[in-house]
Amino acid sequence: MHGRVKERTPEEKQEAVRKEKERKLLGFTTLWKDIVDRRAEGDRSSETLMKTNQLLAKCSDLYTLWNYRREILLADLTDAESEEGKRDGILRIELSVTESCLALDFKSYSTWYHRKWTLEQMQKADWQRELDLTSQLFRLDARNFHCWNYRRFIVERGHIPLSSELAFSTKLIADDPSNYSAWHYRTTLIPLLFPTVPSPEHQTQIRTELALVVTAVNVKANDQGIWFYTQFLVEQIQKGGYTNLLDELKEEVKKLYEEGDLTAEESIAVLHGYVRLLLLDPIQNLKESDKKFVDDSIDKLCSLDPLRKGYYQSLRDAL
Amino acid sequence: MAFPNRDVDITDKTELFLASAKHVKYLEEYGETIDSYEFAVAEYLRMSGIYWTITCLDILNTLDKSKRFHKDFVVDYVRSCQKPSGGFSPHPTHDENLPHTCCAIQVLATFDSIASIDKEACISYVTGLQQPDGSFTGDKWGEVDTRFSLCATACLALLGALDRCDRIKAADFIASCRNFDGGFGVSPGGESHGAMIYCCVGALSLLKRLDIVDADKLGLWLAKRQLPSGGLNGRPEKHPDVCYSWWILASLAIIGRLHWIDAGRLQRYILACQDIELGGIADRPGNYADPFHTVFGTAGLSLLPVGLNAEPAGPDEKGDASTTIAPKKANPVLCMAQEIIDRVGVQVQILPSSR
């Protein structure tokens, strides 16, 4: 029961509310029992299939009903094997049923899974349409991880070019630099798109990523997603041995810390980011002045962000 | 561009005690007091509900005194949910799957009644769901998710049969779900998420394969889940929620980084989510309570190394010692009282603290 604010029903309305609930309860339990009985009797009719729709519209988490649907469908699909197009016709109904269930609740594992299952059964699935559907849902909630998982499935099965997915992620980040899901997506795409490291193509891409990060931290310096992504960027730079890019990144972060017009919260994030970049070098290679800066910064971070004091103190152990 | 505040405010007036007696009453009466329609619809997660409820009562030291959840009644119900496949369903009219099989075994372990079911059939059911890549499907229909890796390994560990699955491949699959930020998602390529991190770290702990985890990297990501209110969220830019007081906190405990967040602030947040009037714990202050958040909030409190204030005795009641003693310590992997885990003999791996 997530996010439901507690409220009281006024006394005069309580009786009406109770009656309404009783009616709903009876409707639900009668239908449920009917479906369970039909299944026990081996009923595989389309009428029963329709009946499950009514309950799934009320609660799409009733996974047993999706299971029952698949049992009925598998029987129908075997019968339809010989006729061209009939199979996909049956399955298209499942796409529309899951679509209306997702419109009511797009966080139900079982609905998403049923849709995946349906597509896998189809002879000619319209992968582009499915991809567009996820793009539409991201307009409502760009972080829905069910939808992201589904999109990964579509991209894989539908052989969607990964380069266009990288462009999709860039667009989402331009809309909102705090879209951690979009940043995460890049970390899975880049190693697949540029498997040879070091290479001029990889280096060019990493330079683009560096620019993206620099722009993003300048828009929203306290967004933790961008700083987590910076870890990925640093790892890619190190893998490729592009030392000039690392120096550039350090310079940009240093400049932002020293010259940026930062709020208290932003300055914690930037300082932490800078300290982590300095700590990438082995301690013995750090200049005395940098060592002192890191040491002082850890004190500062402990007092500015006391929730994570234990973490900052562990950074000092590295010194 | 507007950047909304996703945290909540907690007033200084928040009562800093665990209302154990209220929570016990709330759990004992749940199902009679809540909306009967919602309770009927939620039959599809009844076995989980029983696990949440009896575990919470146990952690609050009152399960042996429970009138409604006495051993024979609960064990009979659980037995009635074992299917010919060996797996368990949440309710006899629903289908079996791994999450409910895991909850059933957890309930039976709590009541020391594992011997009362067909154990061998259950083991075969679970191991039969392991795939060639080491992952587990949730049931015979084929959905793969790292949540099922924890359900399977936890279930097998409690049945003393972890060696019956392919442990190397089980760990390899989890490793394939590890991300750039040290976290884990639902499947390879999935974004790091507090609940799946808990499942992956928990399964790796049971498999004694925490070498797969980059504890410092993951520890930082987990520590960043704490918001100024003290509450934890499950992913960057999300609201705080009491259930993450378990998923995130337990993960930090397993990887030896519990001291990377502020325990006192988290305790205050969880206590602020209590329904002091009717009992139970909600996801956020002022929201409806439910057994799910009640058990994970309570178990979370038991992991925190800060003492809890006893509930002040009301004007009509004398302080009842049984309701004011501290909650039992929960095992961070299995979310059951540690004493049960010791009795069953399950060993989990916990990384040493970094300091």
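The set of residues in region B:330-347 being farther than 16 Å from B:Gly256 by Cα and either in contact with a strand residue (DSSP E or B) (Cβ under 7 Å, 6 or more places away or on another chain) or buried (at least 16 other Cβ atoms within 10 Å of the Cβ) (or both) consists of B:Leu334, B:Cys335, B:Met336, B:Ala337, B:Gln338, B:Ile340, B:Ile341, B:Val344, B:Val346.
Residues in region B:202-216: is at least one facing chain A (nearest Cβ under 9 Å) and either at pLDDT 95 or above or over 20 Å from A:Lys309 (Cα atoms) (or both)? Yes: one or more hits.
Summed over region A:186-203, residues that are open to solvent by less than 40 Å² (accessible area, probe 1.4 Å) and among the aliphatic types (A, V, I, L, M) total 2. Scanning region B:242-260 for residues that are open to solvent by 10 Å² or more (accessible area, probe 1.4 Å) and facing another protein chain (nearest Cβ under 10 Å) gives B:Arg257, B:Leu258, B:His259. Exactly one residue out of B:Ser124, B:Ser149, B:Ser135 is polar (S, T, N, Q) and either under 21 Å from B:Ile255 (Cα atoms) or in contact (Cβ under 8 Å) with a residue 60 or more places away in the chain (or both): that is B:Ser149. For beta carbons closer than 6 Å, sequence separation of 6+ or different chains, a first residue in region A:53-67 that is modelled with pLDDT of 95 or more and a second that is open to solvent by 10 Å² or more (accessible area, probe 1.4 Å) and among the acidic types (Asp, Glu), the qualifying pairs are A:Ser60/A:Asp105; A:Thr64/B:Asp95; A:Asn67/B:Asp95.
Please work out which residue is farthest from B:Asp216 (Cα to Cα), limiting yourself to region A:204-227 and to residues that are open to solvent by 10 Å² or more (accessible area, probe 1.4 Å) and at the interface with another protein chain (Cβ under 10 Å from one of its Cβ atoms). Among them, the one singled out is A:Val219.
Being within 18 Å of A:Leu212 (Cβ to Cβ) and in contact with a Pro (Cβ under 6 Å, 6 or more places away or on another chain) holds for only one residue in A:Gly273, A:Gly240, A:Gly260, and it is A:Gly240.
Every residue, every condition in (1) touching a helix residue (DSSP H, G or I) at 6+ places or on another chain (Cβ under 8 Å); (2) within 29 Å of A:Tyr63 (Cβ to Cβ), yes or no:
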{"site": "A:Lys116", "(1), (2)": "yes, yes"}
{"site": "A:Thr134", "(1), (2)": "yes, yes"}
{"site": "A:Phe153", "(1), (2)": "yes, yes"}
{"site": "A:Ile160", "(1), (2)": "yes, yes"}
{"site": "A:Ala174", "(1), (2)": "no, no"}
{"site": "A:Asn179", "(1), (2)": "yes, no"}
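The residue that is nearest to B:Phe296 (Cα to Cα), counting only those in region B:29-85 that are within 20 Å of the chain's Cα centre (by Cα) and open to solvent by 30 Å² or more (accessible area, probe 1.4 Å), is B:Trp52. Number of residues in region A:266-291 that are modelled with pLDDT of 95 or more and open to solvent by 60 Å² or more (accessible area, probe 1.4 Å) equals 1. Exactly one residue out of B:Asp181, B:Asp139, B:Asp112, B:Asp133 is open to solvent by 10 Å² or more (accessible area, probe 1.4 Å), within 30 Å of B:Asp214 (Cα to Cα) and not small (Gly, Ala, Ser): that is B:Asp133. If I ask for residues that are in contact (Cβ under 8 Å) with a residue 24 or more places away in the chain and either away from chain B (no Cβ under 13 Å) or open to solvent by 90 Å² or more (accessible area, probe 1.4 Å) (or both), which ones from region A:18-44 would you list? A:Arg44, the sole residue that qualifies.
The values are calculated or read from the model by the stated rules, or taken from the named source; none is laboratory data. The structure displayed is predicted, hence computed values, not measured ones. Backbone-built Cβ (ideal geometry, glycine too); neighbour counts: all protein chains shown. The accessibility values were calculated without ligands, DNA or RNA, using every heavy atom of the protein model including side chains. Shrake-Rupley method; radii C 1.70, N 1.55, O 1.52, S 1.80 Å.
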